[in-house]
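The values are calculated or read from the model by the stated rules, or taken from the named source; none is laboratory data. What you are looking at is a predicted structure, and each value in this text was computed from that prediction instead of being measured. Positions of Cβ are generated from backbone atoms using ideal geometry, with glycine treated the same way; all protein chains shown enter the neighbour counts. With ligands, DNA and RNA removed, areas are computed over all heavy atoms of the protein, side chains included. Shrake-Rupley method; radii C 1.70, N 1.55, O 1.52, S 1.80 Å.
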Amino acid sequence: MRLPLHRLAIYGVAFLFAIVVNFLVPRLMPGSPVDGMIAQLGPRATPAAIEAIKARFGVVEQPIWEQFFDYLKGLATLDLGVSVKYYPQTVVEVLGRSAGWTAFLVITAIVFSLCIGVTLGAVAAWRRGGRFDSFISPFSIMMIAVPPVVIAVATLFTFGVALRWFPVGYAYNPNLDPGLNFTFFGSVFLHVIMPVLTLSPYLIGEFQTTMRTSMISVLGEDYVTMGRAKGLSETAVMFGYAARNAMLPVLTNLALMLGAVFGGSIVTEIVFNYPGLGLTLYTASVARDYPVIQGQLLLMTLATLGANLLVDLIYGVIDPRIGETRA
Amino acid sequence: MNSGIKLLLRQKKAVVGLVIVIALCLMALFAPIIAPNDPAARVGRSHQPPTIEHVMGTTKMGRDVFSQFVWGARSSLAVGFATGIFITVLGTLIGLAGGYFGGRIDNTLDLLTNAVLVIPNIPLLILLASFAGTVGPIAIMTIIAFTSWPWGARMTRSQTLALRNREFVVAARMVGEPNWRIVFVEILPNLLPLIALNLVGSIIYAIVAQTTLEYLGFGDPLNVTWGTMLYNAQNSSAIIVGAWWDIAVPCAGIVLVGLGLSLLNFTFDEIANPQLRSGPALRRWLRLNRLRMRSLEAGQ
């Protein structure tokens, strides 16, 4: 199985774009961010640290092309610079600490929403124009329009503060020692419920809408009629014949939505004080910790590109038509 | 165009959506009459629950939440609508250019579109905003527009590709009409439902993104918007002390705009893709389809 070259070109350009933005923005801004960062370091600003920051943000006597080349060399060796707030920790260390929690949160939310959204979309398309469809489909579009901030704040107030159903803040009870035991997993599960509920409405709305559209176009296909003609039960035709094929556009959409999901997870983590990348980004932006902010953009771009690549690969496996046209 | 408006008004959802959006716009427009007091003035005690005097309570700073809500609508809606228009114009132009001219122009633009599409927007916005410090409405508008045009560009491009070889376009080309005239006079009118869909979706996105940025503290703190209201409420721990009105009011504003616009969006979607229609419109479409099939069969 081969990947089409133009998909790879797209990912290459996107990644290059993120790198160039990272490289150029601090150099184009009026007033160098370097002074602010050195001030932020305070007594920890050793000459070596100052030198490293200056080199990274272009306050050196060097032509811009050489600077860019050095920057690329740094990236290739996974050197994203040092964090200003957590000096002398490196950006890679700071991001590595929180990336796991974000991955856990985002993947849980996606799996949860995928199950609900796809089912709702399939049923709505199957009974198109019915009472269920004319309620759930506009409702889904509405859910896409509500910013995660609003949902997060409403969830926090209702379930966290007023009803006290779920714990507020952190990824697990800080009194527990992380370990492979039931109490710890239970605590992790309880803490992730509200953030997942916050991320889900947008995802469910998107999945439902995409699934409905794609399912409607699939329902007219011959193989669905064939399934019916075989006398299969309605559920068997709906899920075994139609929904399975209608899933493909949902997958594509999922990969493209990942950027928006990261956006939502940033806000969610801030509201719920969840120790993922979003919270790290927020503390970094408050502390003007530019290297961490930049590393964040690169990491999230890489994750989105990776997901898109994965979808391309899955597509090739489950949709035989694609392999044929390319051969 | 007239028939388009009629089609819109026949849909109950669209009418409800339109009424909500227009009502909010009127409220924003007539803010000086509805809430004559300065929204930044200290008028009461800190975190006062709703009373007759202050129908939506007061903030931590003792400001009237109702005045802030009414005045905040101005900036939030203005920036949201302006950004939405900006995104739509950018996306439509790029999609039209790529789809119509094809060849190398199309390859380049399509590559660019898909590349910007996979870059996560909000982290990029945060990076740009944090280097710029606090950003005013114009900067927020520009940043959002330059990162979120690709959805519209993609839709417009594929539609233009489908239209460029239709008879009326080929005829116009043969007659020797200039390219700009073919694009804007022959092709563009056929894309109107799509552009409307793109516009409404972009406005929704712009309001979401703007609120997110302002909530994160990148907005101008002196500018009263629904986003900065949320930011201030969060910073004064309104949730923890139970001042729900301080949080609920800006949230309600954002949800209302979202609701109104998405009801409109749903209808535009059905106009642009007749396949998706439900209710009376769907029945009409199915009937038409059956008639067409029958006439096709009869013709054979």
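Is it the case, given these coordinates, that A:S137 is crowded, with 17+ Cβ neighbours inside 10 Å and closer than 30 Å to B:G217 by Cα? Outline the logic, then answer.
Numbers: crowded, with 17+ Cβ neighbours inside 10 Å: yes; closer than 30 Å to B:G217 by Cα: no.
Spelling it out, it is not the case that A:S137 is crowded, with 17+ Cβ neighbours inside 10 Å and closer than 30 Å to B:G217 by Cα.
Go through the residues of segment A:239-249 one by one and say whether even a single one is within 14 Å of another protein chain (Cβ to nearest Cβ), more than 19 Å from the chain's Cα centre (by Cα), of a type in the set (G, A, S) and open to solvent by 10 Å² or more (accessible area, probe 1.4 Å).
Here is the first cut: in segment A:239-249, the ones within 14 Å of another protein chain (Cβ to nearest Cβ) are A:246, A:249.
Then drop every residue that is not more than 19 Å from the chain's Cα centre (by Cα), which leaves A:246.
Narrowing further to those that are of a type in the set (G, A, S): A:246.
Subsequent filtering for residues that are open to solvent by 10 Å² or more (accessible area, probe 1.4 Å) retains none.
Checked segment A:239-249: no residue is within 14 Å of another protein chain (Cβ to nearest Cβ), more than 19 Å from the chain's Cα centre (by Cα), of a type in the set (G, A, S) and open to solvent by 10 Å² or more (accessible area, probe 1.4 Å).
Hey, which of the helices (runs of 4 or more DSSP H) in segment B:157-257, taking only ones fully inside, have at least 2 residues that are surrounded by 22 or more Cβ atoms within 10 Å (Cβ to Cβ) and in contact (Cβ under 8 Å) with a residue 60 or more places away in the chain?
Numbers: elements: B:167-175, B:192-215, B:226-235.
Where helices (runs of 4 or more DSSP H) fall fully within segment B:157-257 and carry at least 2 residues being surrounded by 22 or more Cβ atoms within 10 Å (Cβ to Cβ) and in contact (Cβ under 8 Å) with a residue 60 or more places away in the chain, they are B:192-215, B:226-235.
May I ask you to verify whether A:E93 is touching a Phe, Trp or Tyr at 6+ places or on another chain (Cβ under 9 Å), modelled with pLDDT of 70 or more and open to solvent by 80 Å² or more (accessible area, probe 1.4 Å)? It would help to see each step written out before you state the result.
Values: touching a Phe, Trp or Tyr at 6+ places or on another chain (Cβ under 9 Å): yes; modelled with pLDDT of 70 or more: yes; open to solvent by 80 Å² or more (accessible area, probe 1.4 Å): yes.
So A:E93 fits the description; yes.
If you check A:G117 against the conditions, is it in a helix (DSSP H, G or I), within 10 Å of chain B (Cβ to nearest Cβ) and small (G, A, S)? First the steps, then the outcome.
Details: in a helix (DSSP H, G or I): yes; within 10 Å of chain B (Cβ to nearest Cβ): no; small (G, A, S): yes.
Taking the combined requirement at face value, the residue does not satisfy it.
A:F184 versus (1) under 30 Å from A:V146 (Cβ atoms); (2) open to solvent by less than 30 Å² (accessible area, probe 1.4 Å): which is the lone unmet condition?
(1)
Of the numbered conditions (1) more than 27 Å from B:A243 (Cα to Cα); (2) within 11 Å of another protein chain (Cβ to nearest Cβ); (3) of a type outside the set (F, W, Y); (4) in a helix (DSSP H, G or I), A:R128 fails exactly one; give the number of that condition.
Condition (4) is where A:R128 drops out.
Considering only residues that are in contact with a strand residue (DSSP E or B) (Cβ under 8 Å, 6 or more places away or on another chain), surrounded by 18 or more Cβ atoms within 10 Å (Cβ to Cβ) and in a loop (DSSP other than H, G, I, E, B), which ones fall in segment B:45-81? Talk me through it step by step, then tell me what you get.
Filtering segment B:45-81 for residues in contact with a strand residue (DSSP E or B) (Cβ under 8 Å, 6 or more places away or on another chain) gives B:45-48, B:54, B:56, B:58, B:61-65.
With the extra rule that they be surrounded by 18 or more Cβ atoms within 10 Å (Cβ to Cβ), the set shrinks to B:47-48, B:54, B:56, B:58, B:63-65.
B:H47, B:Q48, B:H54, B:M56, listed by residue number.
So, A:D319, is that one at pLDDT below 85 and farther than 21 Å from A:G81 by Cα or not? Step through it out loud before you land on a result.
Working: at pLDDT below 85: yes; farther than 21 Å from A:G81 by Cα: yes.
Yes; evaluated as a whole, the condition is true for this residue.
Going through segment A:279-306 one residue at a time, which ones are farther than 19 Å from A:Y71 by Cβ and more than 9 Å from chain B (Cβ to nearest Cβ)?
Within segment A:279-306, A:L279, A:T280, A:T283, A:A287, A:G306 meet the criteria.
Counting only residues that are facing chain A (nearest Cβ under 8 Å) and open to solvent by less than 40 Å² (accessible area, probe 1.4 Å), which one in segment B:258-268 is modelled with the lowest pLDDT? It would help to see each step written out before you state the result.
Keep residues of segment B:258-268 that are facing chain A (nearest Cβ under 8 Å), which gives B:258-259, B:261-263, B:265-266.
Pick out the ones that are also open to solvent by less than 40 Å² (accessible area, probe 1.4 Å) and you get B:258, B:261-263, B:265-266.
Working: B:G258: 88, B:L261: 89, B:S262: 85, B:L263: 84, B:N265: 81, B:F266: 77.
Per the criteria, the residue is B:F266.
One residue is enough: does segment B:84-91 have a residue meeting the conditions part of a helix (DSSP H, G or I), closer than 28 Å to B:L163 by Cβ and free of Cβ contacts under 8 Å to residues at least 40 places away in the same chain?
Scanning segment B:84-91, I find at least one residue that is part of a helix (DSSP H, G or I), closer than 28 Å to B:L163 by Cβ and free of Cβ contacts under 8 Å to residues at least 40 places away in the same chain, so the answer is yes.
Can you tell me how many residues within segment B:38-59 are free of Cβ contacts under 8 Å to residues at least 40 places away in the same chain and over 22 Å from B:L256 (Cβ atoms)?
Selection size over segment B:38-59: 11.
State all residues of segment A:131-147 that are over 25 Å from A:V261 (Cα atoms) and within 9 Å of another protein chain (Cβ to nearest Cβ); if no residue qualifies, say none.
Within segment A:131-147, A:D133, A:S134 qualify.
Could you say which residue among A:W126, A:W165 is of a type in the set (F, W, Y) and in contact (Cβ under 8 Å) with a residue 60 or more places away in the chain?
Details: A:W165 fails: in contact (Cβ under 8 Å) with a residue 60 or more places away in the chain.
Answer to the check: A:W126.
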